[in-house]
1. At q = 0.13 Å⁻¹, what log₁₀ I(q)/I(0) does a Debye calculation on the Cα points of region A:310-412 give, no solvent, two decimals?
2. With axes computed from alpha carbons, what is the tilt in degrees of helix A:282-293 against the longest principal axis of chain A, rounded to the nearest 10 within 0 to 90?
3. Which distance in nm do the two modelled labels at B:Ser271 and B:Asp18 give, with both placed 7 Å along the Cα-to-Cβ direction?
4. If you average the alpha carbon positions of region A:354-414 and of region B:465-506, how far apart do those two centres end up, in angstrom?
5. Determine, from the Cβ-Cβ distance of B:Asn67 and B:Ser98 and an R0 of 30 Å, the FRET efficiency 1/(1 + (r/R0)^6), rounded to the nearest 0.05.
6. What average count of beta carbons from other chains do you get within 10 Å of the Cβ of residues in A:193-200?
7. Rounded to whole Hz and in sequence order, give me ³J(HN,Hα) for region B:541-550 from the Karplus expression 6.51 cos²θ - 1.76 cosθ + 1.60, θ = phi - 60°, writing x for Gly and Pro.
8. Equivalent-ellipsoid semi-axes (√(5λ), Cα gyration tensor) for region B:251-342, whole Å, largest first?
Amino acid sequence: MQIKYQAIILGGGEKAGSMLFPLCQSFSKSLLPISNKPMILYQLDVLETAGFGPQDILILITKNHQPVADFVQRRAEIFYVSDDSESASALLEAQEKIKKDFILLSNDIMIGAKILDLLDFHYSQKATVTCLVKEEDLEKKQGRGPISSNLDKSFDIMFIGSDNSLLHLTNQENENQVNLKVSKNVLLSCESVQVMTNLFDTHIYVCQYDVLELLKQLSKQKLEIENWKEEFLPFIIKHQKNVNLLNLISKKEQGLFHERKQQQFSIKVFITQEYARRVNNIKDYQQANFESMIQGEKAIPLYQGIQDFQNQIQFPQDARISPDSVIGEGTRIGNKVTIQRSIIGKNCTIGDHVKISNSIIMKNVVINSNCIIQHCILSNESAVGSATELNKCYLGCLASVEPSQKLSDECIIR
Amino acid sequence: MSEFYAVILADCFDDKFDHLTNTIPKSLFPFVDDLIIEHQINWLQKNEIDKIIVLYRNQKIVEYFNNRKRPGRKTLEIQLIDILNSRNLGDALRELQSHLIIQQDFLLLFGDVITNISLKEVTNKYHEQRKQDKMNILLMVVHQGVQQYEEERFLYVVEKDDKLYQLADLQQNQFELNKKHITLTKGMPCNYVIKSNLIESGIYICNRDVLKSFQEYFMFAEIKQDFIKYMTSTSDIQEEKIHLYIAPKIQVSQRIFHIQSYHNACLKYLSRFFFPYCPSQKYYIDFFKYFAGKVDQRSKVSDQSYIGQNTEVKSKTIITKSIIGKNCKIGVGCEIVNSILWDNIQIENNIIIKDSIITSGCIIKNSIQSQIVSTDKSTNYQQLITPSKYDVDPFEFQGSQDDSFESSGSNQDSDKLGSQPKKQNFYQDLIDDMISIVAKCSTISQVKEAIINVDTIKVNSNIPFENIVTAFMQAFFKILQPNVDSLKNAYELWQEFINRFVSETEVASYIKSIETFCRQNQEYHLNQFLQLSYQHSILNEQVILNYLDQIKQAENDQFAQEFTETSSKFKNYLENIIAEQCLTQAENQDGEYEYEYVYE
């Protein structure tokens, strides 16, 4: 399988991390750690288990994400795209590097599904584009309600045909603006079509090489198609059965009927029940981290590897650390420290009498004594003065908080 | 089951079989071995429904039932109700309601349905639904299959429990999901399914409330277009609910809309699709060839053919997928392909019949000269008219492969003459009424009242649009004076009225009445009428251009020629507009193509 496909990871453009303010002010989104492991390594690991070698993986980034390039240099090939390009135009710029059918991933997706199953499905259905979606069921069950894969309010409405084709896709953010008009030819191609609102699009697409051709042709026609998910995908879904679109792709004459059938344009959906989460806003980032801390029966396989490698570090006897917290190497913990359900990165210094709960603390952070930190995210090399109370605050890189402060719901940058 | 009536609508209101249904109603068409209505009665009996009401328009049904003797069957109660001058299903149901026979639920069956759907499950489901909610008034029976014909092509949007949410026909290119009652929330499992593999079977189980709604909204004409559409989309609160019963895959039905479906239904019946309703076993069967007549050994009969009793087929004849009735005589060397022949037909030697329907009592002779007469409504199929004998000269054996034939005079004239005087009187009354209405109106609000008045007259007396338009034009001309201003004012005033009653089919009579008026009174100019009509959007460009072309070709008509000269400018103006429209349309075209309906 790995011979046939090339993986392309959209490493980060200008807009990457815009919803993750202030964590990504001077820090690439791809390198944000979840459970102390940078996000992009998750994707690279998943691809490696599926058999993709370094020569098959291509990461598209802009020049201001140089640290990412340095980090992954031996595991993938890097290609720099221009600064203002979006997902689809970035693909166009990299077209010489793309030689086969490809699988397009975004850099912020955490999935537990097996890529090989997806590739098998794509091949067997002879689809042009296959989207990986997760089916979720948010009906209130007993006890706590289930948590969605995407904590945003927006969701997609998809029309899925009986043979798993994707016939219509709209995003619903505003109740009144739903546009549910579908072309008749598209609807008639399947016997029964379900209108589903509980499918979460993981932004992983397996595409045939022809799709790149199509992008080229469309850009020649001056149709403004920059963004993959918001513009290109709805466009090809809407015109699935349109003869003009097919003609753009293949240049040879549409000859015999059975040949024509094989060349048809179809967009399929591979529905999985496995774990998936897209980490592009703060709530999802926190949720992903919390999910990585779950141990035992309900643990998520994706994160289990990390939990096994947790080093034993030394901490004083009177420190109360809950078993599901993750503490990185080289961290020094003072006396009478309470840590609950938190992730602490490497080489941190935590003073005495500190209470940390439900927080995410990255590398090289200094927390002075007598602090209370709840529901916060502290980025690399930040510092918190003594006797400070922080509640739901987010600190950017190199930020510092002065001593004896009580802050709540704040974003602090340098 | 004791109170359960079955209502058979033993006539059709469309004109697909026009030449045939002028004399025999569709329910009395022979379907392979028996009449359609007999098949339906048989089916109803097997499903334990004994009370049948037949709604008819044609007296032939009364004659038929009076002479009907079917030994060995249980006694049925068959009531015949005359639906007089009903022009659509709605009127028929209103007529039925006025007889006050039906007190509870009933089964509505169209007169052209052949089916083997078992009604026990259907009625069980219906009663269950009624117990749950008194507002479930209609249960529509559908079966699964590939939608073949235009009339079958609908998209069914179905909710849980097979409740019908929306029924969309595929006239336009886009399908729009009705947003009024829909609730889409994140993460909920799917509620709505859009199905395109369901086919309406023509069987509906209705409550008495259905009849009441038809009476309330007396504009309802059809079940699908009006009633179901109203109940599912336009009503503000979806109180009344319509459910679907989806028959399991072995139970099918076929409606006979037009010739193709007629032939297809016959073939399906012969291939035992409608098991257990199949041609009788007493005929000789050889793998779906049924024949009880005498067929010469040197003839070839293909499968899916049926040859009735006492029919003689002589040598060297090839019969392919055709159905031949009783007492026919077919000569030597004929070729009958994909045709339906009724009873008592004589066909001489060396005749080819393809894709035709030949009704009872015809004699088809052979002669050297070939003469082909085509009927006006033919596309691929041509229709024969009825029962009197006539002499026809078809083609020779050697060459022509065309589909035939002929029409002839029939004995209908006497009927027409009898009814004409009545019609004329009635028509005169209408004109007088119209004149009085028109004379009174001088403001736009009065015109609106006039519209309502005329509407009620139309519905009460079932007058076709055409008569109303001609009557109105007579009245209209009376109030005009021969100057342009008067014309303009009159059109301004009556614009809404004319728009309401002159639609595409009445345009011809509208223009015709103006033309005759202008011919008679030289002070009025046809040109002005046409331009004003165009300005007020009563006529569109294409119609006017067609009319102008037509009148140009009239020879020896001074009026026409003068008119063509004066109207040339207007004609150029219209042609320019049409050219512009074509250009803009060409830019916006999408190139959608028809998807072949093959489910893999």
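Please treat every number below as a calculation from the coordinates, not as lab data. Note that the structure is a prediction, hence the values are computed from the model and not measured. Using ideal geometry, Cβ is built from the backbone for each residue, glycine included, and neighbour counts are taken over all protein chains shown.
1. Once normalised to I(0) and log-transformed, intensities are -0.36.
2. Here the helix axis deviates by roughly 70 degrees.
3. Reported label-point gap for B:Ser271 and B:Asp18 is 3.3 nm.
4. Their Cα centres are 84 Å away from one another.
5. E between B:Asn67 and B:Ser98, to the nearest 0.05, is 0.60.
6. Average per residue, whole number: 6.
7. With coefficients 6.51, -1.76 and 1.60, one gets 4, 4, 5, 5, 5, 4, 5, 5, 4, 4 Hz.
8. 23, 15, 10
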